[in-house]
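The values are calculated or read from the model by the stated rules, or taken from the named source; none is laboratory data. From a predicted model like this one, the values you see are computed outputs, not experimental measurements. For neighbour counting, all protein chains shown are included, and Cβ atoms are generated from backbone atoms with ideal geometry for every residue, glycine included. Ligands, DNA and RNA are excluded from the accessible area calculation, which covers all protein heavy atoms including side chains. Shrake-Rupley method; radii C 1.70, N 1.55, O 1.52, S 1.80 Å.
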Amino acid sequence: MPAPRVTSLSASSLMVSWETPLDSDARGVVTEYRVSIQQEQAYSPFAPPVISQVLYSASPEERSYIAKGLKAYRAYNFTVSLCNSLGCVSSPPVSGRTKPAAPEGLGPPKLKGLNMTVMEVSWNPPSELNGPPPLYLVERTDVSLSDPLSPVLQGTRFPGHGYFHFPNTTLPVNTYFTGFQLSFRTRAEEGLILCAISPGDQEEYIALQMRGGRPFFLFDPQDSAVAVSPQNDGGKRYNDNQWHHVVATRHQAVGTIIVDNQYRGFGSATSGSTIIGENTGVFIGGLPHAFPLIRKDTGNAQLVQQGFSGCLRGVQVKTSDSPSEIWEPLDWAMAVEREQAYESWEGCPMQTESGAHFLGHGFLEIKPSVFSGGENFEVSFEFKTDQLNAVLLFAYDTEGNDYIMAELEGGILTWALRWGDHMTQVSLWVGLSYCDGGWNRVSLRKRGAVAAATMNEAEERQLGVAGSLRVSSAVYLGGIPSGLATRELASISLLHGFGGCIRDVTFARGVTSDLAAVSSRAVRVNLDGCLSPDTAVNCRGNDSILVYAGRDSRTEDRGLQPFTEYLYRILASGEGGWTSGPWFRGRSRETGVIEKYIVKAYNWDDPTRAPVSATFPHTQHLTGNISGLAPFTQYSITLTACTQAGCNESLSGRNISTPQEAPDEVMPPRVIPHPSSLSLFWGPPNRSNGIITEYLLYKDGLLTYRGNGTELNITDLHIYSSHWLVLTACTSSGCTNSSQINVFTAQLPPTQMDPPALTVLDSRSIYVQWAAPAEVNGVLEFYTLYLSMPGQEPVQVYNSSELFEDYTLHNLIPGTTYTFQIAACTGGGCTLSSPIVAHTEESTPEGVVTSYGLWMNGILVQNSSSLHCRVSNLSAWSLHSFRVQACTVKGCALGPLVESRTLEMAPVGTVPLEVRGMGPRLVSAKWLSPAKPNGNLTYTVLFTGVFYQDPGENSTAEMDTRAIHISNEAGQWVTIRGLLPFTNYTVRVNACNSQGCVESRTATITLPPGAPDGVMPPRLAAATPATLRVAWSAPTRYNAPGPLRYQLQMKAAAGSHIQTLLDSVTTSFSYTAEGLQPYTEYRFRLVVSHDHGETSSEWARLVTAQDRKYLLRTMLCTETFRQSQGLTVCIISEKALKVYIL
């Protein structure tokens, strides 16, 4: 059989053709042709190196065959066999090569910031070249809304769907202990922080995770999964975007978690196993998307599938438990794999706002269960961006033609929907202001046949046909996966991924979705929050730039901005086409040449003032604005350039003058009041900001003066009348008002004061009453009552600012004439009434009583022959005075004064309460009486919070409500003691009399941190002749956040020198003191401290054990004494024992 011909048709097909054989070659009737392919094999050493496989059996009439499904740019060997009824003969093999195709399997680049301005970019060749070596292109673009100037904190950032994978030796394996500690900050309720799972059936695991906003320590030493969370924090949630410290330890079957060095939890495994063995590696931040999790835990012991979004810092692993604990920091560089996580040197942003940050060219995949479409639905969200064109949302029906799509393009928001055979598109012109970095609100709706789109204040509707739109796919926010091939995408004009931030996404009215919880995949999307750049941004399109073209697999991108995020991708272009790899994020390093510029403005008009400065990063656009300058001032502007080595300022500056502005800090006029006029004076504003052109003065809202003067006298005013004044100062650029002030004209004494009315009560008492003056001429401040006798000067007998209008004088002389005058006083002086005279009775009248009078509180309430009187409508618990007057035909006389109160009623009103913190353990409280006490009140101050069960600090703390203070006084500050530091208390006051109680509103106060409580002396754990193993317990209460520092101090029993054996922040509670003397007493104490104070325990007396030499000497001396029955003297040395018998 002659050799066939092989012709290349495409990258995946070759045509094999052959000629009709000669009769001499056929040797009979041709029955078939067999087309075979020859391939080399290396799988079996027993098979031949080249295997021939029949691809096709052709009829005698066929002369060609097309082999399909081949690999691109690959050489293949074919043979054609000629067959008759007796057998087959094969042609020689002929080789053919498929055509080239675009490369396949191009991965992301590897990025390494070499310094402040240079990024190293390297990459691997495509997994399938599909042709000759390609030409590589490196493309770079900026990360949307990334701010290199935003302050960062130490820590490692996890955006929500990333993780670090560390070797399986990171945690000690096949041990009875486990320990790790770290600090975290997050907004998310759920998130897997750390996880290590055993291989195979995954019988053992260790994890730290957030569930329901609370940290849980999970472990399983086989067949007994345990979840431990703090038990004494009142159910506190820790996803408050604040830093919290966690220590998780396991000792055999007991696990402990300590949060913020204050809240603790414990749990024990019940299977009896205490060893946790090998693991498949330690994952921090989450698990890989395709990780095979086969454990079937339930409840809090079930691993959270959601990745951690937030920041971690201070990660430490316990590597040894005995003889002492050893904690080692985690080396982030030891990670064997890193996926969508930030490098530790990049730090954590100091401030973020809620939302998802789309870096660009990515997407967020929302689980299909969140949204299914319908006949009526609404999708709304807020976004901010710096891009002009971007996909916002896309979802479709995997089994039909329905879909929804929203995109921005050139100032138009497009909302496209398709259900059944109907398609509706809403095009809303929104202008170009949406890409300035500010927040925009978007609402996309379908209501029956009406589709509507709203953005900010703009809205557009489109009427179609009614019907239900079905969505069964995931919802894609901010972009569409590159591998998603649907018929609907062919009609979409834009596939550019969104860059910016999206928040407050709702798929149902009023229900905001937690994007971290409802998302199943995030590509170049940070779920831990959005950065808040202080500067506005400009619209930009697809502004990627080409930084390299060549055939190498490494390049350096220079001229970058310092500490700035960028996106890179690799494109491979071959003879058969081109392909692109995924975008990958990287950041330039924080070191380099010029880092920033400082512009300073020196005030020439006032050289004593400090210069005004503004700092600008080193960019290609060397422009900027400096604020804080004073108007109408001459400045000298200098420029300072800074590197890490220092700064250098320009020798000379450029002189400028700022223009005039309206004045600042215009002060109101100074006023000198007179009874019927006001004298006003004013000066220039504190900051004139230019030349003052005029002043305007307004009185009571009316313009009273306009001119350049600085004083004014306003006349014809009423005595002590109120007036509102405002001063306005103007420059050529505008006017500014002062604050409005309220002033009064001066006071005068009252116009007239009528004399008082006098009532002689008895031979020694006169009751005086008066009325307020008709024209006060000011504010009445007090009354003064004067009394005089004939031939004597008046004497002041009453002066009060309480403005009572009556007074009773006692202990007067019977049968004496008294002259009274009353004075009413204002701030302008006093007016004295004319005198009035009264004469006391000389003696008690005698004879038959004709009437009785009852005086109550100085008022005659009854005058009759009755011997009793009932007075009603009195206030509860009110004090009243009574005197009985007996009258005969010769006159009247008063009996003695008696006082009595009405009975109590329940108090009415509320008790105003004010509470102030006075320190870590005490507060000051003040309360006022209720509006109507209605009795003799007792005030009980109740505190609700944490107290010790017993008076000592070593007892257990419990939640309780206790009466801390009881008194009968109100309106005074009272110091409350006996409280616990770093504790929240609610306070209320009960005011009670015999008939009932009222209480104040509840006040809440948080006491500041204080020194620890309940520091117990160390105790003996083990003793040898030369060592003492000392153990201790943690304080009853830490009373502060942060780690505790333990100091173990020792001194000899008879000595005063104190030796510090241990001084560190540790979670170990034992220590071995070595090098001690046998059978010797030592004293130990524990000092526990933190940033807010320290507490020392009492000294504990501990004795080392006896050694054998001591026991031997004692035995020998005792035995010798018994044998000799005499006096034995033992002389002991290290080498001998001498015994003398006397």
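Data table
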read-out	value
Phi to ³J(HN,Hα) by Karplus 6.51 cos²θ - 1.76 cosθ + 1.60 over region 782-798, Hz, x for Gly, Pro	6, 10, 10, 10, 10, 10, 8, 10, x, x, 10, 6, x, 10, 6, 10, 7
Part-to-part distance (alpha-carbon centres) for region 345-406 and region 689-751, which is given in Å	60
Surface accessible to a 1.4 Å probe, residue 1037 within the full protein complex, Å²	30
Ranked order, 336, 525 - accessible area, probe 1.4 Å, largest first	336, 525
In degrees, nearest ten, helix 1108-1124 long axis to first principal axis of the chain (Cα)	70
Accessible area in the full protein assembly, largest first, 1.4 Å probe, for 600, 99, 296	296, 99, 600
Options [x] 9, 29, 28, 18, 9, 5, 2, 0; [y] 8, 19, 26, 22, 15, 7, 2, 1, 0, 0; [z] 8, 19, 20, 21, 19, 11, 3, 0 - which one matches P(r) over Cα pairs in 20 Å bins from 0, in percent as calculated here	[y]
Dipole moment magnitude, nearest 20 debye, the chain about Cα centre, only Lys, Arg, Asp, Glu C-beta charged	2420
Spherically averaged projected area in nm², based on the convex hull that wraps the Cα atoms of region 126-246	13.4
5 angstrom amide H check on residue 177, placed H, neighbours 5+ away	252
Stretch gain in nm, segment residue 176-residue 872, where the contour uses 0.36 nm per residue and the Cα spacing is subtracted	242.1 nm
Taking N as its residue count, the alpha carbon Rg of region 640-699 over 2.2 N^0.38 Å	2.13
q = 0.20 Å⁻¹: log10 I(q)/I(0) that the Debye formula gives for region 19-164, counting C-alpha atoms only	-1.29
Solvent-accessible heavy-atom area per residue, rounded to whole Å², over region 237-388 at 1.4 Å	42
Span per principal axis, largest first, for the Cα atoms of region 357-427 (Å)	35, 27, 19
Cα→Cβ-extended label distance, 7 Å offset, between residue 280 and residue 615, nm	4.7
Nearest-0.05 FRET efficiency for residue 462 and residue 544, computed from C-beta distance (R0 35 Å)	0.55
Reference-scaled alpha-carbon Rg (2.2 N^0.38 Å with N residues) for region 881-1026	1.75
For region 1015-1089, accessible area per residue (1.4 Å probe, heavy atoms of protein chains only), Å²	45
Where 775, 61 fall by accessible area, highest first, once all protein chains stay in place (1.4 Å)	61, 775
Formal net charge of residues neighbouring residue 12 (Cβ-Cβ distance under 11 Å; K, R +1; D, E -1)	+4
Fully extended contour minus Cα-Cα distance, from residue 88 to residue 908, at 0.36 nm per residue	283.3 nm
Within the accessible area of the chain (1.4 Å probe), percent carbon and sulfur	51
Exceeding the 31 Å Cα-Cα cut-off - candidates 236/446; 296/318; 71/367; 367/446; 71/110; 236/296	236/446; 71/367
Value of Rg to Rh for region 202-285 (Rh from inverse mean 1/r over Cα pairs, i.e. Kirkwood)	0.98
Separation of alpha-carbon centers, region 763-782 and region 1032-1052, rounded to whole Å	70
Inter-centroid distance (Cα atoms) of region 927-986 relative to region 245-294, Å	42
Mean residue ellipticity (222 nm) of the chain, computed from DSSP H runs ≥ 4 via -39,500 (n - 2.57), nearest 500	-500 deg cm²/dmol
Inter-label distance for residue 71 and residue 641, nm, one decimal - labels placed 7 Å from Cα along Cα-to-Cβ	5.5
